[in-house]
Amino acid sequence: MTKGRKVDMISAKRAVLGINGMGRIGKLSLWNHISRKYFSEIVVNIGRKAGTSLQDIALYIEKDSSYGSLHQFLYGYKAGRVIENVNEEKGTMTIDGIPVTILRESRNPLTIPWNRYGAKVVVEATGQFKDPAALPDAKEGAARGHLEAGAERVIVSAPFKIKEKGRPMPDDAATIVIGINDDTYDNSQHRIISAASCTTTCLAYMIKPLLDYFGQQKILSASMATVHASTGTQQVLDRLPKSGVTDLRKNRSIMNNIILTTTGAAKTLELVIPEMKKIGFIAESVRVPTSSGSLIILVVTFSEEANKPPVIDRELVNKIYRDAEQKEKRGYIKYTDEQNVSSDIVGHYGPATIIEGHETHIRTAFATIELSKFSQLPPEVLRKLPPSIEIPITQAVIYGWYDNELGSYTNMLGDLTAKIGSMVYQ
């Protein structure tokens, strides 16, 4: 693995990042920001006691079953430990020279003392507070509680989900995928930002090059299925579902099963790429027994020109992605002709998607349209037309890999956090 992408240091002498939650995304966001050295201090709220001491938390931060150790991630396999000065009484430690404070008291965003520590930007990584419309003092907690507690911007590491049906998206909330629609971010207006999801981020970078090249009018429909690594919502062994649970499959063992589930990628993608609202789109998800490394299978149907030979072929589609890789200077999209498996993607740092060009498949068929069925056409017009016409329709199947944890999503989330931080701490 390589170190995270570094950006220009914030000009402020003291720029503090808050992270709420120490699950997969929270922990790996800490790794990411320790790597990039963008924020001068980091405060992580876990909201509860963990292990027997702060040393146990330090070991949890240092070691990872999917990605190895933090010091190896930062400096390679010959590196030594980078966590020092663990102070149980103060709840502090130094990680690769960055002061890190661990808070273990409050789980409600409203009562986390961000103001005391000067954390103006907070990454909400618990997966619990996804409703941007919920009031700060909601009984179960809310993302807006972070704002009341002293944060100026909250970046949610999940798609928004408004619980109250029919309630509009608040004006100060926005869904942003960096490199796709971050130009719509308004620092004077937006205070709660969703960084979408790992799947939506990958999907956006698979769809956008096609829209840029063909235009929305030429895409008739699209569908995707993500073959997704397991997440914390799966069970290690079968267990009885909680009261009211409707999706019984999440209570089955991820170690032994392929599990069908749902994804909100289609709806979230419309927030990031508004043109998708005019395209019929379906998104599905399948969880498989791997710890990280996921794959999107994207199927896109294009209209071709009538009475002309089809022009969309495998070489054209692959060229679109190769060109997109060259144009995207930040490395968010990569094209490869290699034959990969999922473990090759784990720890592949940087791109939102890696297009597997070797597996791009294209087929063209002809749809027959009987003009006599168009009753709105005058009979005298119908008599002058042929009985039917054939419209060529081309279907493309495109594969895109993504490291759904550290390499792809957390890196993209980190870049978005740094960009917003540069405005808040200017």
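The values are calculated or read from the model by the stated rules, or taken from the named source; none is laboratory data. Small disclaimer: the values here were computed from a predicted structure and weren't measured. Here Cβ is always computed from backbone atoms with ideal geometry, including for glycine, and neighbour counts include all displayed protein chains.
A few points about this structure:
- Highlighted here are the strands (runs of 3 or more DSSP E) found entirely within region 246-340 that include at least 1 residues which are modelled with pLDDT of 95 or more and basic (K, R): 280-288, 333-336.
- Unique match (being under 19 Å from the mean Cα position of the chain (by Cα), in contact (Cβ under 8 Å) with a residue 24 or more places away in the chain and assigned to a loop (DSSP other than H, G, I, E, B)) among P170, P159: P159
- Every residue from region 379-422 that is within 21 Å of R322 (Cα to Cα), of a type in the set (V, I, T) and surrounded by 24 or more Cβ atoms within 10 Å (Cβ to Cβ): I398
- Residue ID - modelled with the highest pLDDT, chosen from residues in region 1-29 that are hydroxyl-bearing (S, T, Y) and within 19 Å of A119 (Cβ to Cβ): S29
- Against the test of being farther than 25 Å from S291 by Cα and in contact (Cβ under 8 Å) with a residue 40 or more places away in the chain, the options P136, P132 yield a single qualifying residue, P132.
- Residue pairs meeting the criteria (Cβ under 7 Å; at least 6 apart or on separate chains; first assigned by TED's automatic domain parsing to the domain that holds S292, in region 239-254; second assigned to a loop (DSSP other than H, G, I, E, B) and charged (D, E, K, R)): N251/D238; N251/R239; R252/D238; S253/D238
- Selected residue (criterion: surrounded by the most Cβ atoms within 10 Å (Cβ to Cβ)) from residues of region 91-125 that are closer than 18 Å to A173 by Cα and not aliphatic (A, V, I, L, M): E124
- With respect to the conditions (1) modelled with pLDDT under 95; (2) surrounded by 13 or more Cβ atoms within 10 Å (Cβ to Cβ); (3) not in a strand (DSSP E or B), P351 falls short on a single one, namely (1).
- The requirement of being touching a Phe, Trp or Tyr at 6+ places or on another chain (Cβ under 7 Å) and either in contact (Cβ under 8 Å) with a residue 60 or more places away in the chain or hydroxyl-bearing (S, T, Y) (or both) is satisfied by Y332.
- Matching residues, region 53-83, being within 15 Å of N32 (Cβ to Cβ) and more than 27 Å from the chain's Cα centre (by Cα): V82
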